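**Student:** Could you have a look at this structure, given as structure tokens, before my questions?
The values are calculated or read from the model by the stated rules, or taken from the named source; none is laboratory data. Every value quoted in this text rests on a predicted model; they were computed, and no experiment measured them. Cβ coordinates were reconstructed from backbone atoms using ideal geometry, including for glycine residues, and neighbour counts include every protein chain displayed. Side chains are part of the model used for accessible areas, which takes the heavy atoms of the whole protein and leaves out ligands, DNA and RNA. Shrake-Rupley method; radii C 1.70, N 1.55, O 1.52, S 1.80 Å.
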Amino acid sequence: MMADQPPPLEATPLLNEVPLLPHMVNGDSIQQVILVQVNPGETFTITTEDGHMQCIQGPAHVPLMSPNGSMPPIFVPPGYVSQVVEENGVRKVVVLPHSEFHAPLAPPPHVPHYLQPPHALLPPPHAVFPPVPAPAPAGELPQHPPFLPQHQHQHQHPHVFPEQEPRSHGRTNFIQRDERSLKMQEHLKKRLKDRQASGHTNNKLNSPPSSPHKVVNSSSATIPNGNGKGQQGAGGALKQKQMGKTKGSPDAEMGESDTESKKCDTHLSIGKPVVSDIQARSAVLSWNLPVSSQNGESHSHSPAAFTFEVAISNSGKNGKFKSVYVGEELTITLPDLRPATDYHARVSATSSSTKEAVSELVSFTTESCEPDCPAAPKLVNRTKNSLSLQWKSSNDNGSKITNFLLEWDEGKSGPFKECYYGHLKQYKLTKLSPSTRYALRLAAKNDIGMSAFSEPVWFCTAGAVPPAPAPPTCRDWGVTWMSLSWSPPAGAAPGDPLAYILDMEEEGSGYGFQPQYNGDELSCTLRNLRRSTSYKFRLFAYNSEGKSSPSEVVEHSTNPDKPGPPSKPAVKGKIHSHSVKVTWEPPKDNGGSDISKYFLEISEASAGGRWDMIYSGAQREHVCDHLQPGTSYRLRVSCVSKGGESQASDVTTVTTPAVPPGPCPAPALAGKAKPKEIPLQWGPPTVDGGSDITEYILEMADSDQDERRAVYQGPAAEFVVTNLLPGRTYSFWIRAGNRVGFGPHSDKAELSTAPGPPEQCCKPLITCKSATCAVVSWESPACNGAEITEYRLDWGQVEGSMHIIYTGPCQSYEVRGLTPATTYYCRVQAVNVAGVGLFGDTSVVTTPASVPAAVAVLHLLEEEQLDISAPFSTCLAIQWEEPCCHGAEITGYNIEYGEKQLVTVGRSTTHVLENLLPDTLYRIRIQAINSLGVGPFSHSMKAKTKPLPPDPPHLECVVFSYQSLKLKWGEGPSRALITNPTQFNLQMEDRFGRFVTVYNGPCHTYKVQRLSESTTYYFRIQAYNEAGEGDFSQVYAFTTTKSPPASLKAPKANQLEENTYEITWEPLQPMKGDSIVYILQLAAGREFDQVYKGPETSFRLPGVQPNCEYRARVCAGRQSQDAAGAPELYGPYSPSTAFWVQRPARGPPGTDTGTGTGTAAVAARAGSALREERLIAIVLLCGFAVVAILFAVVIQYFVIK
């Protein structure tokens, strides 16, 4: 159905994302796919079978399926006309608007549901109806994609239905679109040139992806052509990046729709490039302009509309391609190629309006050329008259190197001449001059030409000892180092490599000349020398032939060093308040020269790092005046010589004398006074006497008549006076002191203490009224000026862990609920408004003894907890913990059980109740007894006696084997049950006559394995349960059988004559004295027949039927020597061996060529039986496969789902 105004439903993006199936797109089957194009801003409406409407927002391509391949009628709203466009086998229905309004055509009375989309394309199984674009407002042209006019222009004869006719609309939008496309093309060219200039032409794949709807449209346009993947390379990424940037322009939305629609309908193709003028290191690559096809028509373009990229690879067609050119030319020269190398090239074209096109690969091979320049030859050995050289081959560039050319200058530094030409890689130059330098170079030659020469190298032959050199000269020197240089000796052979030895002798050392340098340099620097010291030097020159005579001896000296610091300044005489005299000693190390001047510096300790010079001269003492009393000064000395200025000496600190300080202010109260302490604070004196205050003395007196006494002496400016009486007035004085002495007293300060808590109570009096009750009384202490409001009684069994049990104004308290014969501690504390007084002394009392307490813990003992074995069917073992005796030792216990049966035991805490009934429930309780009486009963405990242990079952052997025996006993299941309380213990006698357990569990069967054949074994069994273990049964004897022989390998069939075969098999050794016999069976069909029985390991089979298949198998038998056992015991048959008897060539008439008719019948039956067996095997295999598939389906449907 059609709707004039579709409801605003949610769009379905899956239609843009689902790819078309190849066979559906190409039209290989009867059903064909028709693409309905939904333009931007329009809506495609689908009416489902249940009457609901589904809307799809454009832009989108909706794939619809036609069952019979015909194009159904498409009904459009007023003002629109439908047009069918076919591209590469895919038909699109494009809805175009009229330029003028036309009345709608009347739809037919019934539109069949011709369309059923497949599940791969549309998820919901709804019937699909023609698209309905959103109607445009009155007076305006409806929105449409910009590529629709191009469709009308390119397709000269579009397919039009009879009831519709194509019409063109206005040209205004078309002109605007041409201007925008030109601007986009110019912008694209500018961006490509910028990328070429910045050197990033190979990073097309790194451009950011486009928006999702653009990618969908591009992919849907390229999939029908079959080039969906090939055209999404670097060019595709570049176009996406350009479109993403154009989106921010004012006409972004319309420009994107225009570009994308062009890419959907225009396809670009470029021909295979052509390679010409192939050289060894270059080739010319040319190509034609790409051709674009739109709606089945081809169009050519100008070269300026495209940008081409050339990529080559020398690692195969699937190797890594490298971009070598990006531009607009159609012919380029590929430089820097390798000779004799296979290359593959491709060209890609990019345009602003079409997608990227990639050409086919073109392959070519560069030509061979002359070899690469070889490396210079290397010297292997040399003498006075010869040089031995070696070299390595270079790259042959496709043609094998045949010869090498070695040239030299004959030691004359003139033109090079040939000295060797051949294929060897080494050569020895002979008849040379000693100590002569020769230049050499090398070239390689192949069938194409000669390579360039290598760089020249120079080698020198051996020569004579060099002459004596000139003495070394001193270029620069210091305190501990000296730099020397020299020149080569005159008359030395040119080119002869020389080395030098420098000897040095220290003045006054007595060691003579010592080598200090050995090398080929013409200078050296000697370090770690002594200051202001003279050294002698001589020089030797040497080469490979020997060492020359020494040069003349020269002498050079090092500079003196700066002196060390002088000694620490010392005070000479008495230190006065305003002056001090200091003296010092010269430095221990003068640096090698005399001291010329001293400098004395002074600094105040409070001035930081500032130093002032107060003396400069040659004297070593000085009087420092104009000093401040009671001030610390620092003094240091330095000196100067020819070597420089020394460091400063150690610092001496001098302090001028000070005077005692002045009086302090009177002490004041710091905070709030307390009942027994007063916190005081005071300030420093106004005059410190030139020295820091070091301590204070605080003096106190109770009244004016009392003598002063010191209560504090220290550096702090505050103190808390303690151990005072509450409500009293005290007098205080303070004195300050420095390192000189103490100053006068301050003014008197009178301060009072606050009221305090009560005094400590006396020891309380305790009187015991009974074993569980006591009365505590006490006296009232001094109240310290405030009335006592309450008392606190602290009570407990441990002196250090008591707690308050009473708080109130009374002076006595009765304590109840005490434990007899127990020691208790108590103390009393008084409280008033000022605070809580101290606890008094502790009183101790012990309550009298009493009857024992009740037993707290009573439990039943298990069998494994007893040291003795007792029948738990008639006994119960109990255990309890000894209760508190309450001061009198416990003498025994009364145990009550059953019908108030009472038994008395001693002090033991365990007892076994005997002579009880099996499987009976008893109630048990206990009480303790001491000399004062019987204590209370404990709590009752319920205990039940166990039933009697079971009797042993009857044991029998149900299965005999040569290495195992399966035993069975009792009546019950073979497997263990959880609810089965009875367990069994099966034992077997070992070779030492002892019975060992082989099974212990609830099962009624057990298989004893790993036994010996024909051996008697003895067993016994025992049953047990919760009641205990029963008695063992009688001993049973069971004997294993004899073991059959092992299986033999398949026999071998060997043809002796025309119709005679010999069957052989492997022998077996006799088994424990029993002989071995063999049975041979032969089958020509399905059944085997015995043909031999005996001790032999071979059998000759005569008269076999030609052209017949036989099968033979053999088994071994054991003949028992014991008359009581089985006479013969046979093992399993071996695998069968099949052999085929070929029919011999037919002889002349009258010869015997076969056996009787009976053998022919046997052969026929054998062939028929073989075919039947194969048919049965095939049927069974098919049956198993069907059953397995059915089981899998059932499990998948019922179990997994």
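**Student:** Taking 0.36 nm per residue of sequence separation and subtracting the Cα-Cα distance, how much length would be gained by fully extending the chain between Asn528 and Gln1055, in nm to one decimal? Mind dumping the intermediate values first?
**Tutor:** Values: separation 527, 0.36 × 527 = 189.72 nm, distance 10.49 nm.
The span from Asn528 to Gln1055 would gain 179.2 nm if fully extended.
**Student:** Let me ask something additional. FRET efficiency for Gln963 and Cys1182, Cβ-Cβ distance as r, R0 = 30 Å, nearest 0.05?
**Tutor:** Details: r = 41 Å, r/R0 = 1.36.
The value I calculate is 0.15.
**Student:** Using the basic label-point model (7 angstrom from Cα toward the beta carbon), what is the Ile805 to Lys392 distance in nanometres?
**Tutor:** Distance between the two pseudo-spin positions: 10.6 nm.
**Student:** Give the shape of segment 571-679 as rounded, prolate or oblate, defined through the alpha-carbon gyration tensor: a ≥ b ≥ c are the square roots of its eigenvalues, a/c under 1.5 means rounded, and otherwise the shape is prolate if a/b is larger than b/c and oblate if not.
**Tutor:** Since a/c reaches 1.5 and a/b is larger than b/c, the shape of segment 571-679 is classed as prolate.
**Student:** Suppose accessible area is computed on protein heavy atoms with a 1.4 Å probe; arrange Ile878, Ile929 from highest to lowest.
**Tutor:** Working: Ile878 0, Ile929 35 Å².
Heavy-atom accessible area, descending, gives Ile929, Ile878.
**Student:** Going through segment 1011-1091, which GluC sites (Glu not before Pro) have at most 14 other Cβ atoms within 10 Å and a DSSP loop state? Intermediate values should be presented prior to the final figure.
**Tutor:** Working: sites: Glu1013, Glu1026, Glu1029, Glu1057, Glu1058, Glu1062, Glu1087; in loops: Glu1013, Glu1026, Glu1057, Glu1058, Glu1087.
Those that pass, being in a loop and sparsely packed, are Glu1026, Glu1057, Glu1058, Glu1087.
**Student:** I'd like the carbon and sulfur percentage of the solvent accessible area for segment 870-1006, probe radius 1.4 Å, heavy atoms only, ligands and nucleic acids excluded.
**Tutor:** Numbers: 3930 of 7710 Å².
Using a 1.4 Å probe with all protein chains present, segment 870-1006 comes out at 51 percent carbon and sulfur.
**Student:** Which of the GluC sites (Glu not before Pro) found in segment 654-701 are in a DSSP loop and have at most 15 neighbouring Cβ atoms, other than their own, within 10 Å?
**Tutor:** Details: sites: Glu677, Glu695, Glu699; in loops: Glu677.
Filter output for segment 654-701: Glu677.
**Student:** With r as the distance between the Cβ atoms of Lys769 and Thr1005 and R0 = 56 Å, compute the FRET efficiency 1/(1 + (r/R0)^6) and round to 0.05.
**Tutor:** Values: r = 78 Å, r/R0 = 1.39.
So, using R0 = 56 Å, E works out to roughly 0.10.
**Student:** Simple spin-label model, 7 Å along Cα-to-Cβ: Arg1171 to Ala605 in nm?
**Tutor:** Distance between label points: 13.1 nm.
**Student:** Using a Förster radius of 56 Å, what is the FRET efficiency between Glu645 and Asp372 based on their Cβ-Cβ separation? Nearest 0.05, please.
**Tutor:** On the way: r = 68 Å, r/R0 = 1.21.
Step by step, r from the Cβ atoms, then E = 0.25.
**Student:** Using Cα-Cα distances under 8 Å and only pairs 6 or more residues apart, what relative contact order does segment 325-455 have, in percent? Don't jump to the answer; show the numbers that get you there.
**Tutor:** Numbers: 273 pairs, mean separation 32.9, N = 131.
The normalised contact order for segment 325-455 reaches 25 percent.
**Student:** Another question, if that's okay. Where does each of His61, His803 land when they are ordered by accessible area, with a 1.4 Å probe and the largest first?
**Tutor:** His803, His61
**Student:** Can you tell me the alpha carbon radius of gyration of segment 664-731 divided by the globular rule-of-thumb value 2.2 N^0.38 Å? Could the numbers behind the result be given before it?
**Tutor:** Numbers: Rg = 13.1 Å, N = 68, 2.2 N^0.38 = 10.9 Å.
With N residues counted in segment 664-731, Rg over 2.2 N^0.38 Å equals 1.20.
**Student:** Now a separate question. What's the extension gain from Val291 to Arg816 if we count 0.36 nm per residue and subtract their Cα-Cα distance?
**Tutor:** On the way: separation 525, 0.36 × 525 = 189.00 nm, distance 11.83 nm.
Stretched out fully, the Val291 to Arg816 stretch lengthens by 177.2 nm.
**Student:** A follow-up question, please. For Lys431, Lys900, Lys568, Lys581, give the ranking by accessible area with the largest first, probe 1.4 Å.
**Tutor:** Working: Lys431 190, Lys900 165, Lys568 110, Lys581 65 Å².
If we order Lys431, Lys900, Lys568, Lys581 from most to least accessible, we get Lys431, Lys900, Lys568, Lys581.
**Student:** What is the distance in Å between the Cα centres of segment 1058-1096 and segment 646-713?
**Tutor:** 130
**Student:** Full-extension gain between Phe1191 and Leu860, please, as 0.36 nm times their residue separation minus the C-alpha to C-alpha distance. Mind dumping the intermediate values first?
**Tutor:** Details: separation 331, 0.36 × 331 = 119.16 nm, distance 5.78 nm.
The span from Phe1191 to Leu860 would gain 113.4 nm if fully extended.
**Student:** Based only on Cα atoms, what mean projected area does the convex hull of segment 743-902 have, in nm²? Show your work: numbers first, answer last.
**Tutor:** Details: hull surface 78.8 nm².
So the mean shadow area of the Cα hull is 19.7 nm².
**Student:** Quick one: Cα centre-to-centre distance for segment 533-604 and segment 820-877, in angstrom?
**Tutor:** Result: 93 Å between the Cα centres.
**Student:** Moving on. Run the dipole for segment 447-531 about the Cα centre, Lys and Arg Cβ at +1, Asp and Glu Cβ at -1, nothing else charged, and hand back the magnitude in debye, nearest 20.
**Tutor:** Numbers: 4 positive and 10 negative charges, 78 e Å.
In total the dipole reaches around 380 debye.
**Student:** Here's a follow-up. If I model a spin label at Gln760 and Asp277 as a point 7 Å from the Cα along the Cα→Cβ vector, what separation in nanometres do I get?
**Tutor:** 12.4
**Student:** Where only protein heavy atoms count, and the probe is 1.4 Å, what is the accessible area per residue for segment 1040-1087 in Å²?
**Tutor:** Details: 2500 Å² over 48 residues.
Per-residue value: 52 Å².
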